[in-house]
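Colleague: The following block contains the structure, expressed as structure tokens.
Nothing in this text is a laboratory measurement; each read-out follows from the coordinates by a stated rule. Please read all numbers here as calculations on a predicted model, not as lab measurements. Cβ atoms come from the backbone with ideal geometry, glycine included; neighbour counts cover every protein chain shown.
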Amino acid sequence: MSTILHIDASIRAASNPNPNHNSISKNIAHHFIQTWKTRYAIGEYIYRDVGINPPPFITQEWMGAAFTPEQNRTAQQHDLLKLSDQLIAEIVAADLIIISSPMYNYGMPAQLKAWFDQIARVNKTFDFDLTRGDFPLQPTLSGKTLLIITSSGEFGFEQGGIRAQMNHLVPHLHTVSKYLGVDKIYEIASEYQEFADDRHRQSVADAYAKAEQLALELGQELELMIEANAVVLS
Ligand SMILES: Cc1cc2nc3c(=O)[nH]c(=O)nc-3n(C[C@H](O)[C@H](O)[C@H](O)COP(=O)(O)O)c2cc1C
């Protein structure tokens, strides 16, 4: 059974007294999970709402602790890295990582960036070796699948779209997902929220349909992959 790590990043709740205020990205992600559960079991579902409970920003002391070899760290340094260690352990455990995020100011919410800053750690999620030349950083994890679910107020952020050059959310997620050990990426995008017109309603409906289709496809794919790994290991 798959382990799913789900990171929600909207500052909006999934359900509010006024449904017009409900987070679209959270609800699409919820629909994905619910569809998955109709056909496939989930071994472990690890959930973090970093939009509502953001991790703290990293500091100079945090960086000092991260670069101190583990056996030389003071108790205070171990303490500073406790959350980071926990967040990384959640990534290590995951087969599928879902990041559901709004677009804020053409990029990812600061809360989600704070999560990435906590988990990009030397000798944990990447190692550093200058003998590799111009690309000394190398991710240490692998074999994971990432599903990116986004919601935006404007539209045309897809490749070739009228705002493709303004999309600093999905391309950024592609770049930093290396440190999550991601080999495969799937995307669902809902757009036009600020227009609140038929184009928006169609975009949301398409995103829900894609979430349903992907939940069934990925559910099967991951089950088969886990079974195959179990055979190799036994
Ligand atoms: C602080 C803030 C910044 C935003 N910046 C953008 C933006 O740069 N481009 C855009 O298309 N929409 C922008 N939006 C609109 C959101 O992306 C849109 O409302 C989206 O549906 C939010 O995701 P959610 O529904 O999951 O909360 C912004 C919204 C907020 C609150």
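Colleague: Checking the condition assigned to a helix (DSSP H, G or I) and within 27 Å of Ile88 (Cβ to Cβ), which residue from Ser10, Ser25 passes?
Modeller: None of the other options fit; the residue is Ser25.
Colleague: Identify the single condition in (1) touching a residue at least 40 places away in the same chain (Cβ under 8 Å); (2) touching a helix residue (DSSP H, G or I) at 6+ places or on another chain (Cβ under 9 Å); (3) over 25 Å from Asn229 (Cβ atoms) that Thr35 does not satisfy, given that it satisfies every other one.
Modeller: (3)
Colleague: Given the criteria not charged (D, E, K, R) and not in a helix (DSSP H, G or I), does Asn53 qualify?
Modeller: yes
For every residue, the table says whether it meets (1) assigned to a helix (DSSP H, G or I); (2) surrounded by fewer than 17 Cβ atoms within 10 Å (Cβ to Cβ); (3) touching a helix residue (DSSP H, G or I) at 6+ places or on another chain (Cβ under 7 Å); (4) not β-branched (Val, Ile, Thr).
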position: Thr3; (1), (2), (3), (4): no, no, yes, no
position: Gly43; (1), (2), (3), (4): no, yes, no, yes
position: Arg48; (1), (2), (3), (4): no, no, no, yes
position: Met63; (1), (2), (3), (4): yes, yes, no, yes
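Colleague: Let me confirm something: among Ile46, Ile58, Ile42, which residue is under 15 Å from the mean Cα position of the chain (by Cα) and more than 16 Å from the ligand (Cβ to nearest atom)?
Modeller: After applying the criteria, what remains is Ile46.
Colleague: Moving to a separate point now. What about Asn20, is it more than 17 Å from the chain's Cα centre (by Cα) and within 11 Å of the ligand (Cβ to nearest atom)?
Modeller: yes
Colleague: Additional query: Just for the range 163-185: of the residues that are within 11 Å of the chain's Cα centre (by Cα) and under 14 Å from Thr150 (Cα atoms), which one is nearest to the ligand (Cβ to nearest atom)?
Modeller: Here the answer is Val170.
Colleague: Looking at the range 61-69, is at least one residue at negative phi and within 16 Å of the ligand (Cβ to nearest atom)?
Modeller: no
Colleague: Do you know which of the residues in the range 188-209 that are within 16 Å of the ligand (Cβ to nearest atom), of a type outside the set (A, V, I, L, M, F, W, C) and out of contact with any Asp or Glu (no Cβ under 9 Å at 6 or more places or on another chain) is nearest to Gln111 (Cα to Cα)?
Modeller: Tyr208
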